Each structure stands twice: as C-alpha cells, then as structure tokens.
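K.L.:
The structure's right below; bear with me while I get my questions together.
The values are calculated or read from the model by the stated rules, or taken from the named source; none is laboratory data. Everything numeric here is computed off the predicted structure, so don't read it as measured data. Here Cβ is always computed from backbone atoms with ideal geometry, including for glycine, and neighbour counts include all displayed protein chains. These accessible areas exclude ligands, DNA and RNA; they are computed on the full protein's heavy atoms, side chains included. Shrake-Rupley method; radii C 1.70, N 1.55, O 1.52, S 1.80 Å.
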Amino acid sequence: MADFVMALDQGTTSSRCIIFDKNGRVVSSAQKEFEQYYPKPGWVEHNPKEIWSSQLSVMAEAAALIGAKADDMAGLGITNQRETTIVWDKNTGEPVYNAIVWQCRRTAPIIDEITGRGYSGLIRERTGLVPDAYFSASKIKWILDNVPGARKKAEDGELLFGTVDTWLIWKLTKGRVHATDYTNASRTMLYDIKALKWDPELLQLFDIPESMLPKVYPSGHIYGYTDEDIAGGGIPIAGVAGDQQAALFGQCCFEKGDVKNTYGTGSFILMNTGGDVITSKNGLVTTIAAGCEEKPDYALEGSVFVAGAAIQWLRDSMRMINNAAQSQDYASGVSSSNGVYVVPAFTGLGAPYWNQYALGSIFGVTRGCKKEHFIRATLESIAYQSYDVFRAMEEDAKVGIKELKVDGGASANDLLMKFQADISGCTVRRPGCIETTALGAAYLAGLSTGFFKDRDEIKNTMSESSEFIPDMDETERRKLLAGWNRAVKAAIFWANNE
Ligand code: ADP
C-alpha cells in the first residue's frame, strides 16, 4: 500500500520535490537551483537538460531522505513555471534551442505585428488572454523562424513542443507520452479555452504545425507511468497543473467566487469562476482552473508586478531594513503610515490600470515622516494593489469576495495580512502549510489515483490556518482608499505628462 504522493514543483529559479502523506503533510523535500541565461538584454533562457537533471536529482534526494521507493508513491504530480517554451527533436530527444522563459521579451515585435493586423479580438475571444510575448505562441514561432532547419523539421513532423510539464512528462516516460493539461495549454495562446482544442486559426496565424503540439487532458488524469530506469518503478503521473492554478487548487478554492493571492516577488491573484468563462472589462485574463473533470472550471487572473519586490527594494536599495521580516518590526512601531503613500510602480502599473510608463512615486511626506512610516506605507502598497485587482474581479464576476486565501513569502507578514483584511473588508486565511503549489499538484495526483477519495477528504487534510479578521472603521477605510486612489492617479498623471 502506497503511503505518499510526490509533487514535482518546477519553478523559474529552482526545481523542487516535495513528498506528502495521506494527511497532506510534508514528509520530505529537496530543492536545487539552476542557471538563468541572459544572452541579450530582455532575453531569458533555461537549459532544458538542466531543468530535467535538477528535477531528477531532487526526486531521488527527497525519496532517499525517508527511504521511500517508487512503490511507496501512489502517484506523482507536476506543477511548473508556466508559458516557458521548449522544442525538441522527437527522435533524438535533443532540444533544438534553450527553453525560452516566460519573462523573455524577445518576441514582443511578433506580437506587435500580429496585433497591428487586428488579431487582438480573436486571440482574446479564443484564448482568454491579452496578446503578449509572455505566452508560448510567439516563442514557438521564434524558434521555428530562427533555429536553422527547425521549420522544415517541424513541418516534417520531427519536432515536438512542450511547456515544462510536457517536457518532464516526456522525459519521465522515456518519450512515450507527449501531453499537457488544460491549465498549461490555456497559457500557450493557441488553445481554444471554450471548445477545449488547439485552435486551427491561431496555429495558422503563428505558423505552427499542429503535429508539434501535445495531447491535452484534465489536470487530474493518469498521463502515463514513470519509466523503471528513471524512478525505479512505474509511478502513475496523475496530476499536472501550472503553478498558479495548482496553488488555487492547493488552497481548496473549489467553489465559484473562491480567491487566492500568492504574495511572492509579484502577486498572483486567481478567482474560481466555476463553469463561467468571464471576459474581463478590467484587463484581467481568463484561464482554465485545475480539476479532474473533462469539463473544467475557469478562473480570472490578475497580477501585481511589484509586491514582495518592494520589500527587497527597501532592503537592497533604500537600505532601510536588513531582511524582509524586519519590515514588520518597523511598521509595527507606528500606528499608521501617517498619510504617506508609496506607489511602487517600478515597471509600470498592471491590472486594472495598465500604464506601462508609470514610475514609482511617493506622496504625503511631511517633516514628521519617519522610516517606520515609509516602511509601513510600502507594505500597505502591496495590500492596496492587490485590493485593486480584487475589486476588478468582483466587478467582472459579479460576486463579492468573502474570504481570501493567501500564500507566498510575503504572506508570512502578519501586519500586511491584517491590513489586507481591513482594507478589503474580508477575512484573510493563511494555511499552516504554505507549500500550496506543490500541495495542489499532490492533491490532483492523489485524487486521480484514489489516494484521496474526494475533495471533501482533501479539505479535511488542510492544516490549521491563521485567520485575519477585518475590524477597521468603515470611514477610516474609505479615507485610506481615497488617498491611495489619489496617489495612483497622480503617479499616472506624472507619467503621462512627460
Ligand atoms: P518568489 O516565488 O516570487 O521568489 P517567494 O514566495 O519566495 O517569492 O517570496 C519572496 C518575496 O517575499 C520576496 O520579495 C520578499 O521580499 C518577500 N518577503 C518574504 N518575507 C517577508 C516578510 N516577512 N514581509 C514582507 N515581505 C516578505
């Protein structure tokens, strides 16, 4: 009888493996960083072989730490950095080029050309996405157009495309399975999220042969079995989901209107919208949520570019703190930010403002402003920016958010979480186990192998959580929000009147 499920968490900077038991508890984990390549300004690449070797080594390490064998694993789940694009030779298994990472901007001109020809509406309608170089489509096209001989080989059916999940499944099964899941497919900008198929018109638009594309299945599904030589036995690969959707699932956001926010370098906010495909009027994207059903749920997604990164800025550039946790100590030293607002628009403003020229701005500084106020205002900006996205989601989905599930590095900050609850007027819940991304993949793998009976059983395994309950006076809340809105408007005014 297998006692565990194994989750592979293949992120942008490291590969991790976490093993969970039947109670959803972490019993072992291992992590390995890998190299980032920046061949030109704005270009970001990974070596697909390093992704694979680092992932393979942490799998072995995590299992060895508890003396577990393949037979002890009921299933294996994969969660991954999304959109990152790999193209390899079907016969030799050799990648034809490095992985082009989601952050890479090299294909922006391809997107400009396509949107210039008036295709934005079609892309939005079919894929739920706002056309951008971020998604896989233009990255595949770039490889086919720029790697000598690649286009001819692709047309001859000799090349395969995959996001990182697909690459790992292919390697784990020694080339027997070429597949992905709905959530990853929905980030390629080639997948029709309503019809649930690769879209022939978009494939033509980006000039991509359909033979390169993986088969698409629900996130919870038995994709195949790990090869004996690789894992010492055949573990069912039974759950696959892109990182943000895996976190939504790992937070048990199973119902329509459930929302999670991951506070990392940036913040990623997803709302489950059930079977409804909602087109945002506020610049959010529509994407497929993870699940085990043939007919998936959908989600609205919005992100804040600078969240925890603002705290890194306080530490590394402002040198006001020595480490991220200290931000809470200083901020607690004052009872408010005393009218100071920091708008950390270092790289422009995302949803719902979408102003790529906005710059970081600071308002309301008086002679009485101390470092404590400044730090507090910076922390508060993370909550304000997230709240702006929540409001956009509520408006688009026409549901009120009653509770917010949180995770990610900066969710450890109690002061920030309490302020988030106060400013949003909803309860904020932080699980005891903040490994929600890996947990989501483990839940999916556990459900499709019968290790977990159903979603109710999963909910019961959820660890003790911390709860932050709003108790701010409504007049105060409105006053603070009005100040924030004024600060954002002023930051945009500054940018637009150069
Ligand atoms: P990522 O996955 O994007 O690397 P993590 O989830 O590891 O991010 O979170 C790291 C981020 O969280 C950093 O930007 C850091 O500044 C921020 N952070 C970590 N601890 C705290 C804290 N106690 N208070 C505020 N921010 C924090």
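K.L.:
Just checking, does segment 180-187 include any residue being part of a helix (DSSP H, G or I), within 16 Å of the ligand (Cβ to nearest atom), modelled with pLDDT of 95 or more and within 23 Å of the chain's Cα centre (by Cα)?
P.N.:
No, segment 180-187 has no match at all.
K.L.:
Which ones in segment 307-362 are among the hydrophobic types (A, V, I, L, M, F, W, C), open to solvent by less than 60 Å² (accessible area, probe 1.4 Å) and either more than 13 Å from the ligand (Cβ to nearest atom) or touching a strand residue (DSSP E or B) at 6+ places or on another chain (Cβ under 7 Å) (or both)?
P.N.:
Those that are among the hydrophobic types (A, V, I, L, M, F, W, C), open to solvent by less than 60 Å² (accessible area, probe 1.4 Å) and either more than 13 Å from the ligand (Cβ to nearest atom) or touching a strand residue (DSSP E or B) at 6+ places or on another chain (Cβ under 7 Å) (or both): ALA307, VAL334, VAL340, VAL342, VAL343, ALA345, LEU349, ALA351, ALA358.
K.L.:
If you don't mind, there's one more thing I want to ask. For SER381, state whether it is of a type in the set (Gly, Ala, Ser), touching a residue at least 60 places away in the same chain (Cβ under 8 Å), within 12 Å of the ligand (Cβ to nearest atom) and touching a Lys or Arg at 6+ places or on another chain (Cβ under 7 Å).
P.N.:
Considered against the rule, which asks whether it is of a type in the set (Gly, Ala, Ser), touching a residue at least 60 places away in the same chain (Cβ under 8 Å), within 12 Å of the ligand (Cβ to nearest atom) and touching a Lys or Arg at 6+ places or on another chain (Cβ under 7 Å), SER381 comes out as no.
K.L.:
If you don't mind, there's one more thing I want to ask. Here are THR84, THR107: which of them is in contact (Cβ under 8 Å) with a residue 60 or more places away in the chain and open to solvent by less than 30 Å² (accessible area, probe 1.4 Å)?
P.N.:
On the way: THR107 fails: in contact (Cβ under 8 Å) with a residue 60 or more places away in the chain.
Exactly one residue qualifies, and that residue is THR84.
K.L.:
Sort out which residues of segment 384-416 are surrounded by 23 or more Cβ atoms within 10 Å (Cβ to Cβ), near the ligand (Cβ under 10 Å from one of its atoms) and among the aliphatic types (A, V, I, L, M), and write them in order of number.
P.N.:
ALA410, LEU416
K.L.:
Please tell me if ALA442 is touching a residue at least 12 places away in the same chain (Cβ under 8 Å), within 16 Å of the ligand (Cβ to nearest atom) and open to solvent by less than 10 Å² (accessible area, probe 1.4 Å).
P.N.:
No: the conditions fail for ALA442.
K.L.:
If the requirement is being out of contact with any Pro (no Cβ under 6 Å at 6 or more places or on another chain), open to solvent by less than 50 Å² (accessible area, probe 1.4 Å) and among the β-branched types (Val, Ile, Thr), which of these qualifies: ILE458, ILE434, ILE469? Don't jump to the end; show me each part of the working.
P.N.:
Details: ILE434 fails: open to solvent by less than 50 Å² (accessible area, probe 1.4 Å); ILE469 fails: open to solvent by less than 50 Å² (accessible area, probe 1.4 Å).
Sole residue among the options that is out of contact with any Pro (no Cβ under 6 Å at 6 or more places or on another chain), open to solvent by less than 50 Å² (accessible area, probe 1.4 Å) and among the β-branched types (Val, Ile, Thr): ILE458.
Table: residues versus (1) of a type in the set (Gly, Ala, Ser); (2) assigned to a helix (DSSP H, G or I); (3) closer than 18 Å to VAL26 by Cβ.
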site	(1), (2), (3)
LYS418	no, yes, no
ALA421	yes, yes, no
VAL428	no, no, no
PHE451	no, no, yes
ASP456	no, yes, no
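K.L.:
Now for a different question. Can you say whether LEU248 is more than 16 Å from the ligand (Cβ to nearest atom), part of a helix (DSSP H, G or I) and in contact (Cβ under 8 Å) with a residue 24 or more places away in the chain, as far as the supplied structure shows?
P.N.:
The answer is no for LEU248.
K.L.:
Quick one: which residue in ASP156, ASP207, ASP199 is without any contact (Cβ under 8 Å) to a residue 40 or more places away in the chain, farther than 18 Å from ILE51 by Cβ and among the acidic types (Asp, Glu)? Lay out the reasoning, then the answer.
P.N.:
On the way: ASP207 fails: without any contact (Cβ under 8 Å) to a residue 40 or more places away in the chain; ASP199 fails: without any contact (Cβ under 8 Å) to a residue 40 or more places away in the chain.
The conditions single out ASP156.
K.L.:
Against the definition (modelled with pLDDT under 95 and either more than 22 Å from the chain's Cα centre (by Cα) or part of a helix (DSSP H, G or I) (or both)), how does ASP165 come out, yes or no?
P.N.:
On the way: modelled with pLDDT under 95: no; either more than 22 Å from the chain's Cα centre (by Cα) or part of a helix (DSSP H, G or I) (or both): yes.
When the stated conditions are applied, ASP165 does not pass them.
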